[in-house]
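The values are calculated or read from the model by the stated rules, or taken from the named source; none is laboratory data. Because the structure is predicted, anything quoted here is derived from the model rather than measured. Positions of Cβ are generated from backbone atoms using ideal geometry, with glycine treated the same way; all protein chains shown enter the neighbour counts. For the accessible areas, the whole protein counts, side chains as well, though only heavy atoms, and no ligand, DNA or RNA atoms are used. Shrake-Rupley method; radii C 1.70, N 1.55, O 1.52, S 1.80 Å.
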Amino acid sequence: MRVTGPPSPAQIQVAAERIATFLKPKNALVMTGAGVSVDSGIQAYRGSDGRYANPNFKPIFYQELMDSGPKGHAFRQRYWAGGYLGWRHVFRSDPNPTHFALAALQHLDVAPRLITQNVDGLHQRASPFSKQETDSRTLELHGTLNTVRCLRGHKMPREEFQDVLSKLNPAWKAYSDELDRTGQKPRTNPDGDVDLGGVRFADFVVPECAECAAEGHPGSILKLEVIFFGESIPNEVKERSFRMVDESDRLLLVGTTLATFSAFRLVKYALEQNKPVVLLNLGPARTDSIPQVEKIELPSREVLLEACRLLAGSRASEDQTLSRLLTSGVVKPPEMED
Ligand SMILES: [Zn+2]
């Protein structure tokens with residue numbers, strides 16, 4: 001099914017009925033990508049092959065980030081300074097109706113498991129379950145922006161790390177506050193650098209892991225718990241992703257082009273087991289040449305919400321949790337880059 005221009009209510013209805021029919025036998029695995037977070041105002045932070053890139057869409061290479069020499073130090077100053085300013089934006093994003101519709105599919109027990117390629121943590125924030133249960137149902141295939149991790153495995157919430165950076169870099173804190181006050185964004189130069197009136201990358205203080213230092217291992221580099229270019233997905237994550245396909249009877253793909261190999265191979269793995277696959281996404285996808293993947297090219301928000309209502313029947317208004325999930329979420333498309 002392919003649509004140009006705004007979809008008609010009839011097209012949404014037909015697609016929602018198809019999704020509801022697909023999910024009704026239960027035990028579906030949902031896999032999501034960047035498309036589901038666009039309504040939350042989050043730009044695609046990823047490069048063309050999907051690995052983590054900076055907000056200027058330049059890929060960040062794991063080797064550069066982890067280089068222990070002076071070049072690596074300069075790279076990390078630039079990286080964390082940019083991240084320091086950019087974090088406020090991700091941190092202030094909220095789940096949108098697509099996140100809540102997928103949470104409703106979990107609540108309805110038709111699609112209990114979810115794999116996401118996103119690193120923004122918004123699926124978890126839309127979940128009606130306890131943190132423990134949410135974690136057991138959700139796999140972040142490419143890690144998360146919400147945790148900072150050192151080489152030796154110490155972890156710190158990103159929010160806490162932001163406060164550490166603020167204390168170490170008062171001039172940057174003042175600059176960040178000024179951007180907040182004026183509603184301005186850092187300007188981007190043609191070479192992709194950020195124009196930072198007054199503050200300099202070379203002055204940015206990047207801390208090492210304090211716990212490692214206390215244990216007699218100074219110089220332990222901290223990084224976000226996301227997968228960068230040149231970094232492989234941890235084995236336990238990879239194995240769990242395959243296991244989630246094994247445990248499921250069908251696969252629903254939402255808001256993803258399957259550009260990353262780690263996601264694409266899961267689709268191939270499901271097809272090898274003759275499990276039906278439906279893709280709900282606008283625009284071309286890596287699976288377009290695979291006839292077994294049924295594609296619905298419509299906006300996910302309207303289609304999923306209507307599919308939930310069809311599956312829920314009278315529960316949509318009687319079940320308080322469900323009724324809340326089906327009416328929650330912000331819609332705030334990303335601002336255009338200058
Ligand atoms: Zn450490």
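Annotations
- Whole-percent carbon and sulfur share, accessible surface of the stretch 1-42, 1.4 Å: 61
- Our estimate of slack between Arg324 and Asp288, defined as 0.36 nm per intervening residue step minus the Cα-Cα distance, is 9.4 nm.
- For the peptides 300-312, 21-33, 170-182, the ranking by mean Cβ contacts within 10 Å, running from highest to lowest, is 300-312, 21-33, 170-182.
- Thr257 - accessible surface, heavy atoms, 1.4 Å probe, Å² rounded to 10: 60
- Placing unit charges on the Cβ atoms of the charged side chains and taking the dipole of the chain about its Cα centre, the candidate lying farthest along the positive direction among Gly283, Leu222, Pro70 is Gly283.
- Calculated FRET efficiency for the pair Ser232/Glu17, C-beta based, R₀ 45 Å, to 0.05: 0.65
- Surface analysis of the chain yields an accessible area of 48 Å² per residue, using protein heavy atoms and a 1.4 Å probe.
- Dipole of the chain computed with +1 at Lys/Arg Cβ and -1 at Asp/Glu Cβ about the Cα centre; of Gln292, Val205, Pro157, farthest Cα towards the positive end is Gln292.
- Estimated [θ] at 222 nm from DSSP helical runs (n ≥ 4, -39500 (n - 2.57)) normalised by residues in the chain, nearest 500: -12500 deg cm²/dmol
- Beta bridge orientation in the chain: antiparallel %, DSSP, nearest 5: 35
- Two-site FRET efficiency, Glu247 against Glu215, from Cβ-Cβ distance with R₀ of 35 Å, rounded to 0.05: 0.35
- Placing unit charges on each Cβ (+1 for Lys and Arg, -1 for Asp and Glu) gives the chain a dipole about its Cα centre, and among Asn235, Val330, Gln13 the Cα reaching farthest toward its positive end belongs to Gln13.
- Ordering of 99-106, 199-206 by packing is 99-106, 199-206, highest average first (other Cβ atoms within 10 Å, averaged per residue).
- Here the calculated FRET efficiency for Val164 and Tyr269, from their Cβ-Cβ distance with R0 = 41 Å, stands at 0.50, rounded to the nearest 0.05.
- Carbon and sulfur %, accessible surface of the stretch 285-338 computed with the full protein complex present, 1.4 Å: 49
- Between the amide H of Leu139 and those of Leu114, Ile115, Thr116, distances stay under 5 Å, these residues lying 5 or more places away or on another chain, with hydrogens modeled in the peptide plane.
- Cα-centre dipole for the chain with unit charges at Cβ (Lys and Arg positive, Asp and Glu negative), debye to 20: 360
- Model label points for Tyr62 and Leu151, set 7 angstrom from Cα along the Cα-to-Cβ axis, are 1.5 nm apart.
- Carbon and sulfur %, accessible surface of the stretch 68-166 computed with the full protein complex present, 1.4 Å: 52
- Sparse packing (at most 15 other Cβ atoms within 10 Å of the Cβ) combined with a DSSP loop state is found for none of the chymotrypsin sites (Phe, Trp or Tyr not before Pro) in the stretch 226-299.
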